[in-house]
Amino acid sequence: MTTDTLEKTDFTQLIEDLAKKGRAAQRKLARASDAEKAAGLRAAAKAIRTDSDSILEANAKDMAAGEERGLTGAMLDRLKLDEDRLEAIAGAIENVAGLPDPVGEVIDSRSSPSGFGLERVRIPIGLIGIIYESRPNVTADAAALCLRSGNAALLRGGSEAIHSNRALHAAFAKGLDEAGLPSEAIQLMPTQDREAVGAMLKAAGLIDMIVPRGGKGLVARVQQDARVPVLAHLDGICHTFIHADAKPDMAREIAVNAKMRRTGICGAMETLLIDSHFGEGEKVLAAIADAGCELRGDERAQQLDSRVKPADAEDWDTEYLDAILSVAVVDDIDEAMEHIAAHSSGHTEAIITDNDEAAQRFLAEVDSAIVMHNASTQFADGGEFGLGAEIGIATGRLHARGPVALEGLTTYKWQVKGSGQARP
């Protein structure tokens, strides 16, 4: 019986078997040096380049199936691989290989009143389950980050990218084997059955953390059903606020980029807020509409451009991931921040202004994982932050927040160094 035809009652055992293999591989990985882990990642990148033809052939199957299923243009863009994107994937793996190894870093040290030494030292979390949807690059990104930080990973990609994920994983595993590292440190779920996901979520004691990457439905299900700690974000409802003191050319360029550079990523702007005292809102909206974006706005936004359609209540809480933008005109920075507080998903917000006082207020008072001044929200990315590839952008308040890279995939332990002390 293949794993694709497993009876539902077998999925708990399947996850247990995979988890045991992953945890055993993680213990072997713990003995690998920094240089050995880096060499394994470089070998994986090389294998992806070597196997590029087969990976692109596999991706072509997924693209054809996606078009037949009627996936949106944004979804197809997330799914698509070409030579440039595949080279970017290999390059990202090499970038992670070149990052400092967080494992073993001494976070802080002190002496206790009893005279022994105390150190907090970074260690891997253990076995991390990654559940994701249509982006095949997540297979490589998650694998690289988990391996570099000394973790094992159990990957479960979406059915849209099944052939791409399998081809990327096979190349990655081949590279690890060639480098003498345990390839079972990075495992890909051998079935797409949703019951297997349910078994992952309930595998407390076997899987140490779950990271979901995908749409709101996936993340909500994971957070609702998980018995394992979850590191997640729901939506990327990102706002850009054009303040009254913004430079018009800068405001126009940033707004167009924030929405239209890539509409299908979580850092894409979904709502534009324009200060009523900013004098060139019409030009900004015209530039965005001319770039091919549908605009939905409040009454004052509709007065700025005849192409702005009326927005309904749902628009302000929607992650479009498409060439659609909500627009509201606000009277001042306080009204802008009130709107963000009411509708933001806590991902990324930006203010465009030459007023330093307004910028500092925005940066201090807006409670999102990433807050920007005079920059496009499309920069909300671990690579742009110098973290290498990211495993996701966390919008919660615990453990890790914003782009989650190597440090976010570690925890710590206390090391106590005594000289014979016995507690009275």
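The numbers here are math on the coordinates, done by the rules we state, and not lab data. Keep in mind that what you see is a predicted model, and the values were worked out from it rather than measured. Note that we place each Cβ from the backbone using ideal geometry, even for glycine, and neighbour counts take in every protein chain shown.
Among the listed pairs 21/202; 259/283; 21/61, those whose Cα-Cα separation exceeds 19 Å are 21/61. Between residue 76 and residue 261, the FRET efficiency estimated from the beta carbon spacing at R0 = 22 angstrom works out to 0.85.
Each listed q (0.06, 0.07, 0.12 Å⁻¹) maps to a log10 I(q)/I(0) for the chain, found by the Debye formula over equal Cα scatterers with no solvent: -0.28, -0.38, -1.00. In plain terms, the residue of 419, 114, 345 with the fewest other Cβ atoms within 10 Å comes first and the most crowded comes last, giving 419, 114, 345.
Extension gain residue 225-residue 421, at 0.36 nm per residue separation less the Cα-Cα distance, in nm? Contour length minus Cα-Cα distance gives 66.0 nm. For the pair residue 314 and residue 300, the difference between a 0.36 nm per residue extended length and the Cα-Cα distance amounts to 3.2 nm. Using the Cβ-Cβ distance between residue 119 and residue 24 with R0 set to 45 Å, the FRET efficiency works out to roughly 0.95. As a test, work out the antiparallel percent of DSSP beta bridges whose residues both lie in the chain, rounded to the nearest 5. Restricted to the chain, the bridges split so that about 30 percent are antiparallel. Segment 296-317 and segment 247-291 have Cα centres separated by 14 Å.
Output needed: percent of Cα pairs per 5 Å distance bin for segment 1-102, bins running from 0 to the one holding the longest distance. Values per bin, smallest distances first: 2, 10, 13, 12, 13, 17, 19, 10, 3, 0. Using the Cβ-Cβ distance between residue 354 and residue 53 with R0 = 45 Å, the FRET efficiency computed as 1/(1 + (r/R0)^6) comes to roughly 0.35. Sparsely packed loop sites in segment 326-424 (the GluC sites (Glu not before Pro) outside DSSP H, G, I, E and B with at most 16 other Cβ atoms within 10 Å) comprise 384. Residues 413, 80, ranked from the fewest to the most other C-beta atoms within 10 Å, line up as 413, 80.
Counting only alpha carbon atoms, the long axis of helix 137-148 and the longest principal axis of the chain meet at about 50°.
Comparing 411, 421, 167 along the charge dipole axis of the chain, the residue lying farthest to the positive side is 421, per the Cβ-charge model. Restricting segment 1-106 to GluC sites (Glu not before Pro) that sit in a DSSP loop and have at most 15 other Cβ atoms within 10 Å of their own Cβ leaves 7, 105. Note on residue 60 and residue 332: the extension gain reaches 93.0 nm, defined as 0.36 nm multiplied by sequence separation minus the Cα-Cα distance. The angle between the Cα long axis of helix 333-343 and the longest principal axis of the Cα atoms of the chain comes to about 50 degrees, rounded to the nearest 10. Evaluate the relative contact order of the chain (contact order divided by residue number), counting alpha-carbon pairs under 8 angstrom at least 6 apart; express in whole percent. Taking the mean separation of contacting Cα pairs over the length of the chain, I get 19 percent. Taking square-rooted eigenvalues a ≥ b ≥ c of the alpha carbon gyration tensor, is segment 238-379 rounded, prolate or oblate, where a/c under 1.5 means rounded and, failing that, a/b exceeding b/c means prolate? Verdict is rounded for segment 238-379.
Helix 11-29 and the longest principal axis of the C-alpha atoms of the chain enclose an angle of approximately 80°. The amide H of residue 130, built 1.01 Å from its N in the peptide plane, has 154, 155, 156, 211 as neighbours under 5 Å, considering only residues 5 or more places off or on other chains.
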